[in-house]
Structure formats: structure tokens, C-alpha cells
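Working notes, beginning with the structure itself.
The values are calculated or read from the model by the stated rules, or taken from the named source; none is laboratory data. Just so you know, these numbers come straight off a predicted model, no measurement behind them. Positions of Cβ are backbone-derived with ideal geometry, glycine not excepted, and every protein chain shown enters the neighbour counts.
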Amino acid sequence: MTNNTTEKMSIAISAMESIPSFPNVKTSDIYKAGRAAGMKFKDIKSSLLVNEAGWGVYRIDLGMKPVEVIKTPKSLDPVVEAPAAPTPTPGLTPASSFNLNTTSNTVAIVPESDPTFIQWGEFKSIKAIINSNQFFPLYISGMSGNGKTMMVEQACAKTKRKYVRVQISPETDEDDLIGGFRLVNGETIFHKGPVITAMEEGCILLIDELDRGTNKIMCLQGVLEGKPVLIKKTGETSFPAPGFNVIATANSKGRGSEDGRYSAAQIIDDAFIERFVASIDQPYPDFNVEKKIITKVMESLEIKDDEFVEKLVGWSSIIRKTYDADGVDEVVSTRRLCHIVKAYGIFGDRLTAIKMCITRFEDETREAFLDLYTKLDGEVSNDLSDSSDGVHTEQGGSSVAH
């Protein structure tokens, strides 16, 4: 690091150390610290070992700075006495030829129970699998925003089971998942990845957006068999502890997205996906369940508007049926309905909230959705001349009642 970079990093660390939950910090905390130091999020992440400790929560390990990722050394031959062969137990069994320091700052946690969560669909099945403590790899597919990840997290919360969540991207590889070498204070240390941590602690490994990965995730094939895994970079073998299990979520069933809706979704190798014992195809919740979900979200925001809940859920239901019939190219997900409710709590106007949260759609689709809603809700009117001007809280929409 240059002196200037070191100084900036010191400012960022000082800002984060003042956070009560430190070393666990939120994404927003890291961004604030970065702005204070004149650094970007990616710069902080590349200079410190920043691992995801939960939904939107990261763990900062100050003992691991500065960090530099290096290639696996061709040979490691410190002269040490060979240790006695250990009895295989859950965790890492070191190679007998040398002793190598290892570390991990991945944190397995029991997720907090979400008061807005409603049990529905296959929740009981997922909970039963988790509660069984058996190795039973599960693949959950379904459209974006229908609660796949949240359902697994809340099942862990109900059963008091620890979990490690891993977000998959096209760049995810064996180094990210299994682990890799880091240079720490001039010493080469093997940093165990989240998969190994989950195996050793016997917790749930939640692999999110599995179909966004490339063939680099094939390193997980052995993990999906529930057997000991050889860490090639160290020669050590990791044994899964009792209770370890793998649950994956994805938007597709592993065959990519033919309609292009999920353009980043990859075709998953058949030998890989075959290792999942069971699959669940999760739809959007039905009308009555979704009403309960949206009502819960409103209650958490101290909003009371049962009529708006009824209109919103009916609106989204019609849109989804039209989508299934190839009448429109977009849907309004349960997650987007929650976003609309949050916007409603801020701006106090139904149509303003809806407009803000569907602006990402193409103009024609957006106007069709707005026109449909005005037909369902007689208390609002859609002034098309205002549709591209951003937020207008003065328009004729019903106001929020707190």
C-alpha cells in the first residue's frame, strides 16, 4: 500500500470502529466509511478481509490487513516434525507432510426472525428438512422476488439453526468458496472459504442465485455428496460435521432462461444438479397469502390501509395472469409490492408510490400497469402527462393513514 492509501484506510477503519456492532457492519456503514476516507466500497473490500455474515451484514477482520491475494505456492517445505495421524473428526484434518496455518472470518449465524414473514407454500417441507439434521441437498427455483431466500432464512430462524449464505456470481470460483492463500504480515496463510466453514460447523449452507455461476462452481460437486472434501491447495481434508446441509436457490431450473428474462442465468451441468436430492419450484403466493404478507409489511411501518392492500394484491394478480398468457412481458413481484408499501409510507400517496416503484419498466408497460391500477382504484387518477416527471405527491391519489 502507498502512504496515501494507508492513511485513507486508517480513516475508514476508524469510522467503522465507532459503529456499536463492529466488527459486524452493514453495507451502508462501509459506504459511509469509504466516503469519509475518499475510498470506494471495492477498495475497502480488496484491502480488508470483508466477508458476508448475513443479509446485508459484513464482518471486518482488522487482524487480516493488509491483505493480498496470491497464487498458490508451488511448494511449501518448512522443516517441522510430522504430526501424529489424527482420528478423522468433523473439521480439517491436516496433511501429514507439513503444518500450514489456516484461518477464517466467515461467521455462521442464526438469522433473526422476521415479524413480517408469513408461512406458506413449501415452508413446512423446508423447515422439516432443516430440522432433520440430515444431509439432504435441496434446490429451490422460482421467479425473482417470490421469497425463496427469505423462506430458507426464516426456516433456519424457526429451528434455531446456524447458516452461512453465499451469493453466486459469474466470477465466483473455488478460491471464493473453498478457500485460498492470503499474504498476512509476510506470512502465507490459507483462508478457509464459507463452504468449509459451513461444513466444519455443521450448519446450513445457503447458496443463493446458483444459476448465476459458471463451471467454476463444479468444485462443489464433492460437497453436494456430503462426503469429506480434499482441499487441493493444502492437502488437508475437511470432514462435514453432523447437521451440515446445502440448500440452493435459483431463478431457473438449471437450463438457463429461454425467454431472456434472466439473461445471466447459466445452464448448470447435469451431473452437478443431479446431486441435489430434491427440488422445489416456488410460485408467487396466492391472493390470500399475499394479502397477509403485504398487511404485515404495512403493520411494521405503522400504516393502516386495508383497501390499498386489497387493490395492490388484486392488481398484481391480474398482471401475473396476463403475463402467464403472454399478454405482457413483465410481472409485479411480491417484493415489489413490499417496495410500493414502503414508498407509500414515505410519500403518503398511492399512485406516487406505484409510479416510483415501476419506473424501471418500459414506458408502454409502465403506462399499461398504471392504467390498470386506476381502473381498480376509483380514488386515484393517472395523469399521463406527469408519468415521466418523477415524483408528484400533489396528484389525486389517496393518502396514507398512520
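For Ser113, are the conditions met, namely being touching a residue at least 24 places away in the same chain (Cβ under 8 Å), within 23 Å of Val289 (Cα to Cα) and in contact with a strand residue (DSSP E or B) (Cβ under 8 Å, 6 or more places away or on another chain)?
no
For segment 303-318, indicate whether the set of residues that are among the acidic types (Asp, Glu), at positive phi and modelled with pLDDT of 95 or more is non-empty.
no
What is the one condition in (1) under 28 Å from Asp281 (Cα atoms); (2) modelled with pLDDT of 95 or more; (3) not hydroxyl-bearing (Ser, Thr, Tyr) that Gly222 does not satisfy?
Failed condition: (2).
Please find, among Gln154, Gln119, the residue that is assigned to a helix (DSSP H, G or I) and either more than 16 Å from the chain's Cα centre (by Cα) or assigned by TED's automatic domain parsing to the domain that holds Ile204 (or both).
Exactly one residue qualifies, and that residue is Gln154.
Could you please let me know if Arg261 is within 20 Å of Asp281 (Cα to Cα) and either among the acidic types (Asp, Glu) or assigned by TED's automatic domain parsing to the domain that holds Ile129 (or both)?
Judged against the criteria, Arg261 is a match.
Pick from segment 247-262 the residues that are hydroxyl-bearing (Ser, Thr, Tyr) and in contact with a Phe, Trp or Tyr (Cβ under 9 Å, 6 or more places away or on another chain): which of them is modelled with the lowest pLDDT?
Checking each candidate, the answer is Ser252.
Output the residue which, of all residues in segment 234-246 that are modelled with pLDDT under 95 and crowded, with 18+ Cβ neighbours inside 10 Å, is nearest to the chain's Cα centre (by Cα).
That would be Ser238.
What number of residues within segment 131-151 satisfy the criterion of being outside any helix (DSSP H, G or I) and closer than 22 Å to Met199 by Cα?
Residues in segment 131-151 being outside any helix (DSSP H, G or I) and closer than 22 Å to Met199 by Cα: 8 in total.
Looking only at segment 348-362, which residues are crowded, with 24+ Cβ neighbours inside 10 Å and of a type in the set (Lys, Arg)?
Residues satisfying the conditions are Arg350, Lys355.
Lys304 - would you say it is outside the structural domain of Ile247 (by TED's automatic domain parsing), surrounded by 12 or more Cβ atoms within 10 Å (Cβ to Cβ) and either touching a Gly at 6+ places or on another chain (Cβ under 6 Å) or under 26 Å from Asp208 (Cα atoms) (or both)?
No: the conditions fail for Lys304.
Checking Asp286 against (1) at pLDDT 95 or above; (2) within 20 Å of the chain's Cα centre (by Cα); (3) farther than 19 Å from Gln167 by Cα, which test does it fail?
It fails just one condition, (2).
Would you call Ile280 part of a loop (DSSP other than H, G, I, E, B), in contact (Cβ under 8 Å) with a residue 40 or more places away in the chain and of a type in the set (A, V, I, L, M, F, W, C)?
no
Restricting segment 202-217 to residues that are assigned to a loop (DSSP other than H, G, I, E, B) and of a type outside the set (Ser, Thr, Tyr), which is nearest to Met150 (Cα to Cα)?
The residue in question is Glu209.
Of all residues in segment 218-253, how many are farther than 16 Å from Thr197 by Cα and in a strand (DSSP E or B)?
Qualifying residue count for the region: 3.
Kindly provide the set of residues from segment 301-324 that are among the hydroxyl-bearing types (Ser, Thr, Tyr) and closer than 14 Å to Leu337 by Cα, ordered by number.
Correct list: Ser316, Ser317.
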